[in-house]
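Some notes on the structure that comes next.
The values are calculated or read from the model by the stated rules, or taken from the named source; none is laboratory data. Because the structure is predicted, anything quoted here is derived from the model rather than measured. With ideal geometry, Cβ positions are generated from the backbone for all residues, glycine too; neighbour counts draw on all protein chains shown.
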2 protein chains.
Amino acid sequence: MITETQLARFDSIPLDGGMTLEPVQVAYETYGELNAAKSNAILILHAFSGDAHAAGTDQESGGLGWWDNMIGPGKGFDTDKYFVICSNVLSGCRGTSGPSSVNPATGCPYGMTFPPVTIPDMVRLQKMLVNHLGIQRLLAVSGGSMGAMQALEWAVAYPESVAAAIPIAGTARHSPQQIAFNEVGRQAIMADPDWNEGNYYGKRPPARGLAVARMVGHITYMSDQSMREKFGRRLHDQNQFEVESYLRYRGSQFVDRFDANSYLYITKAMDYYDLTAERNSLSSAFENVKSRFLVISFTSDWLYPSYQSLEIVRALRGRNCDVAYCELPSNYGHDAFLVTVAEQAELVRGFLASTFRERA
Amino acid sequence: MITETQLARFDSIPLDGGMTLEPVQVAYETYGELNAAKSNAILILHAFSGDAHAAGTDQESGGLGWWDNMIGPGKGFDTDKYFVICSNVLSGCRGTSGPSSVNPATGCPYGMTFPPVTIPDMVRLQKMLVNHLGIQRLLAVSGGSMGAMQALEWAVAYPESVAAAIPIAGTARHSPQQIAFNEVGRQAIMADPDWNEGNYYGKRPPARGLAVARMVGHITYMSDQSMREKFGRRLHDQNQFEVESYLRYRGSQFVDRFDANSYLYITKAMDYYDLTAERNSLSSAFENVKSRFLVISFTSDWLYPSYQSLEIVRALRGRNCDVAYCELPSNYGHDAFLVTVAEQAELVRGFLASTFRERA
């Protein structure tokens, strides 16, 4: 499956912070065919560092999509049956408008003058894209980690437009530990003199700070056990352990594909997201929800532990929502949703089939 | 109890790396009185960022010792009964020779020319200090975290000189996850241009990098639950959560009392320490051990999880050593050994009393 990222442009988007971004561009990919009734569309929502290229082989770079093991013919999100869409989030750096985009008012990249963005803002842009593609109602929305936050927000903000939501390894709000790890990453970036208050475009980017931030992230995505299995205490050379060279490599590699200011904006959006905040409780937040739910978490995921998924499940059940929950066994930590796919794919396949049968 | 840090100087110390450090200085404090038989001495071993000031009120700064809740009259380490010693580790920055010390050969601080130091090197200097104080055999050695590594090393390297060892919240070797968190801290420091390959003495120190390193450390010392209880999602002001301002404060505070190069040296010593390495197994490492043991871990400590203490306990039991193990319930994570003291003090008190009765 050869894929190509496409762009959609809109005149403007209103933001939660009160500002309006104009114009706004969104990068997206689609896989499979939209049926005549336009009832088989699934929106995939990427995690913090993901992009629109969720599946297939990119025609330019040759790179495989970040969830290619879940999306494709005969896979969990079966492109023989469903029309699958994935877009890069607002404030991202992979084709959608973000801090590295040029501000038409100045002719220069926005940098830190890009307006603050929330998870609901990201979802609002996705809704505009879905409308633009002529789709009134999605069969399903699904994503892991930050993607799970967006899936929840879709079900809450656009209850008529989502038949089913599949939040995976997610939460309705970050714990202080999750905020703390993000804050370390932000501080590492802002401590790099090359960050220069966000004005580094066309100059040397804050590569060292961004690499350190990514190293912290990678540790939290793995589990103690998966790290022991993958690296043990093996030495890479006399002066470093394999785990050290791995993290350094992943850190430096990240710098080539990610923008440091987007790191700041997106992690802030995650940290400030709190479905319970305006509505007093999670149960109240789900008051008008009409979707059915499949909630998935993983045993070894200590960054987004199962109790956070269970909190969502309990609140939905309290609202008499149709909700299935599964905690899958895995040693891969938070990465499990990207790595451990056999059982996850099976769950998703069955859930989508019954949703399509009953609600499409 | 008003205390004062003292200094001992020795002509030289041979190091595991093959080099000799000359001269060498060690900062230490003592509490209580050495009995006539010199049989009531306990050596306290500090964790990564600790120092010789373990108990009482420092006569200069007025600061309380880092384990004051455990050491003093009537406390776990009862200074009415025992003579308690604590010294700053080799390569530290709180009075003992380290990278910030002046190299007599050049008249300038060593910086990164300070020789690499191992946990056994640290213990060797402690042995010299103990000899210097006229003590042949310690009643006990005890410490948490890196202090636990040193307690194990004492029992292995100087079996005739230790009646009892109390390693708390420790391990016989770092897991790749523990190495990885340390490596993030090191990379954060070395990414700071002010680090300047370690040559920053008399200039601006790498304060931003060291602060980021400390922030990561603090997250790993707490537990998910203790962070939820302490901070929740409360805002410090409109732009930051309380957990963020706490971490920033602790990070910036650390810069005033710790040397970045010592951070690099000490974390490397911890990461390379592996009691199983030269002797094939932990059981073989304990072959000549003569001490009795009290091993303590804490339920919510995910940085030094209980399975690491249990590994030590199993190996000691396999050698028919006298070993008691206790996993104490606590929500405080790795910090528990500094914070949760009631049960810990009780365990230590009883264990020391029976050791003194039977083995002193």
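Residues of region B:334-355 that are among the hydroxyl-bearing types (S, T, Y) and assigned to a helix (DSSP H, G or I): B:S354, B:T355.
The conditions of being of a type in the set (D, E, K, R) and more than 9 Å from chain A (Cβ to nearest Cβ) are not met by B:R233. Out of A:R228, A:R214, one residue alone is surrounded by fewer than 22 Cβ atoms within 10 Å (Cβ to Cβ) and either modelled with pLDDT of 95 or more or on the phi < 0 side of the Ramachandran plot (or both). It is A:R228. Of all residues being in a helix (DSSP H, G or I) and more than 17 Å from A:V212 (Cβ to Cβ) in region A:233-265, which is farthest from the chain's Cα centre (by Cα)? Just the residue, please. Only one residue fits best here, namely A:E242. Any idea which residue in region B:266-305 is nearest to B:S91 (Cα to Cα), counting only those that are within 14 Å of chain A (Cβ to nearest Cβ), part of a loop (DSSP other than H, G, I, E, B) and modelled with pLDDT of 95 or more? Ranking the candidates gives B:Y273 first.
Here B:T220 meets the list (1) within 14 Å of another protein chain (Cβ to nearest Cβ); (2) over 24 Å from the mean Cα position of the chain (by Cα); (3) at negative phi almost entirely, failing just condition (2).
Tallying residues that are within 12 Å of another protein chain (Cβ to nearest Cβ), surrounded by fewer than 23 Cβ atoms within 10 Å (Cβ to Cβ) and either under 20 Å from A:N88 (Cβ atoms) or touching a residue at least 12 places away in the same chain (Cβ under 8 Å) (or both) within region A:243-263 yields 5.
Of everything in region A:126-150 that is closer than 21 Å to A:M19 by Cβ and under 14 Å from the mean Cα position of the chain (by Cα), the residue that is surrounded by the fewest Cβ atoms within 10 Å (Cβ to Cβ) is A:Q126. Beta carbons closer than 7 Å, at least 6 apart along the sequence or on distinct chains, pair a first residue in region B:312-330 that is in the same structural domain as B:F293 (by TED's automatic domain parsing) with a second that is part of a helix (DSSP H, G or I) and among the aromatic types (F, W, Y) for B:A324/B:F351.
Here are B:E153, B:E183: which of them is within 23 Å of B:T30 (Cα to Cα), crowded, with 23+ Cβ neighbours inside 10 Å and under 20 Å from the mean Cα position of the chain (by Cα)? Testing whether each residue is within 23 Å of B:T30 (Cα to Cα), crowded, with 23+ Cβ neighbours inside 10 Å and under 20 Å from the mean Cα position of the chain (by Cα) leaves just B:E153. A:G72 meets the stated requirement of being buried (at least 17 other Cβ atoms within 10 Å of the Cβ), under 26 Å from A:F356 (Cα atoms), modelled with pLDDT of 95 or more and in the same structural domain as A:V348 (by TED's automatic domain parsing).
Could you give me the residue pairs with C-beta distances under 7 Å whose first residue belongs to region A:22-49 and is at positive phi, whose second residue is buried (at least 17 other Cβ atoms within 10 Å of the Cβ) wherever it lies, and which are 6+ apart or on separate chains? Taking only residues 6 or more apart or on different chains, the pairs are A:G32/A:T79; A:G32/A:Y82; A:G32/A:F83; A:G32/A:V84; A:K38/A:I135. Restricted to helices (runs of 4 or more DSSP H) entirely inside region B:91-205, those with at least 1 residues that are hydrophobic (A, V, I, L, M, F, W, C) and within 14 Å of chain A (Cβ to nearest Cβ) are B:176-191.
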